[in-house]
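Working notes, structure below.
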Amino acid sequence: MALTPSTMLPLGSKAPDFRLPDTAGTTVALADTRDAKATLIIFMCNHCPYVKHVRQELADLGREYQAKGVAVIGISANDVVSHPDDGPEMMAREKEEAGYTFPYLYDESQAVALAYQAACTPDFFVFDRDQSLVYRGQLDESRPGNGVPVTGKDLRAALDAVLAGQPVAQAQKPSLGCNIKWKPGNEPSY
């Protein structure tokens, strides 16, 4: 397991636009979130042990915050040539088995992951109603094998602050996980 931190895209960055297919073939766009109180973008995949470690919390958090008016979107950008378990068919199976209620999109070209400067799975980005970045970082302190319970406390605190109209704490810790599996020639320089 290669431990890769998130790049910590500058706070205040505008959400890069996208239009990607979900696991049912329906196109989902960033514009679809315009009426949301906040937008949570999660770069994730099926095979990563860090994502598997927080899988239940992702499903629970997604349901809870969608009910509060937050748009939640999962995106897999891994190269399916090198990692076929992360392809759309397996994503559909994972969405069902994990109980994800949010769209799980496939970024085949990896252009969206590059635009967000996503580096790892999972990698979390919270945007306010104006689609300005207010949080990028970890779900919580739990990692596979460290014995810390998965609570989602860091990400939940950021979402709760946005929903309450309060500023999000500026002290944010990078997410850690497996690196995104880049296609040859797509490896980012960030």
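The values are calculated or read from the model by the stated rules, or taken from the named source; none is laboratory data. Predicted model only: the values in this text are computed from it and were never measured. Virtual Cβ from ideal backbone geometry, glycine too; neighbours counted across all protein chains shown.
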Q) Just wondering, is there one or more residues in region 30-51 that are buried (at least 20 other Cβ atoms within 10 Å of the Cβ), at negative phi, assigned to a helix (DSSP H, G or I) and touching a Leu at 6+ places or on another chain (Cβ under 9 Å)? A) yes
With criteria (1) closer than 19 Å to residue 159 by Cβ; (2) at pLDDT 95 or above, residue 18 comes up short on (1)
Problem set entry | Meets criteria (modelled with pLDDT of 95 or more, within 19 Å of residue 68 (Cβ to Cβ) and touching a Phe, Trp or Tyr at 6+ places or on another chain (Cβ under 7 Å)) for residue 139 | yes
The condition from (1) in contact with a Lys or Arg (Cβ under 8 Å, 6 or more places away or on another chain); (2) among the hydrophobic types (A, V, I, L, M, F, W, C); (3) surrounded by fewer than 20 Cβ atoms within 10 Å (Cβ to Cβ) that residue 126 misses is numbered (3)
Of the residues in region 133-176, those that are touching a strand residue (DSSP E or B) at 6+ places or on another chain (Cβ under 8 Å), aliphatic (A, V, I, L, M) and under 18 Å from residue 44 (Cα atoms) number 3
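Pull up region 141-159, narrow it to residues that are of a type outside the set (Gly, Ala, Ser) and in contact (Cβ under 8 Å) with a residue 40 or more places away in the chain, then point me to the one that is farthest from residue 30 (Cα to Cα).
At the first step, the residues of region 141-159 found to be of a type outside the set (Gly, Ala, Ser) are 141, 143-144, 146, 148-151, 153-156, 159.
With the extra rule that they be in contact (Cβ under 8 Å) with a residue 40 or more places away in the chain, the set shrinks to 143-144, 150-151, 155-156, 159.
Working: 143: 30, 144: 31, 150: 28, 151: 27, 155: 20, 156: 21, 159: 18 Å.
Among those that are of a type outside the set (Gly, Ala, Ser) and in contact (Cβ under 8 Å) with a residue 40 or more places away in the chain, it is 144.
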Counted residues in region 76-117 being under 13 Å from residue 51 (Cβ atoms), touching a residue at least 60 places away in the same chain (Cβ under 8 Å) and within 17 Å of the chain's Cα centre (by Cα) come to 6
The condition from (1) closer than 22 Å to residue 150 by Cβ; (2) free of Cβ contacts under 8 Å to residues at least 24 places away in the same chain that residue 31 misses is numbered (1)
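Select from region 177-190 the residues that are crowded, with 20+ Cβ neighbours inside 10 Å and either acidic (Asp, Glu) or in contact with a strand residue (DSSP E or B) (Cβ under 8 Å, 6 or more places away or on another chain) (or both) and list them in ascending order. Give the derivation first.
Of region 177-190, the ones crowded, with 20+ Cβ neighbours inside 10 Å are 177-178, 180-181.
Across region 177-190, the qualifying residues are 177, 178, 180.
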Scanning region 13-23 for residues that are in contact with a Pro (Cβ under 9 Å, 6 or more places away or on another chain) and either part of a loop (DSSP other than H, G, I, E, B) or aliphatic (A, V, I, L, M) (or both) gives 20, 23
Quiz item: Do we have any residue at all in region 11-26 that's surrounded by 15 or more Cβ atoms within 10 Å (Cβ to Cβ), under 26 Å from residue 132 (Cα atoms), out of contact with any strand residue (DSSP E or B) (no Cβ under 7 Å at 6 or more places or on another chain) and not aromatic (Phe, Trp, Tyr)?
Solution: yes
Note to self: Looking for something over 27 Å from residue 129 (Cβ atoms) and of a type outside the set (Gly, Ala, Ser) - is there at least one such residue anywhere in region 55-66?
What the structure shows: yes
Residue pairs within 8 Å by beta carbon, gap of at least six or interchain, first lying in region 36-47 and of a type in the set (Gly, Ala, Ser), second in a loop (DSSP other than H, G, I, E, B), listed first then second, are 36/69; 36/129; 38/69; 38/128; 38/129
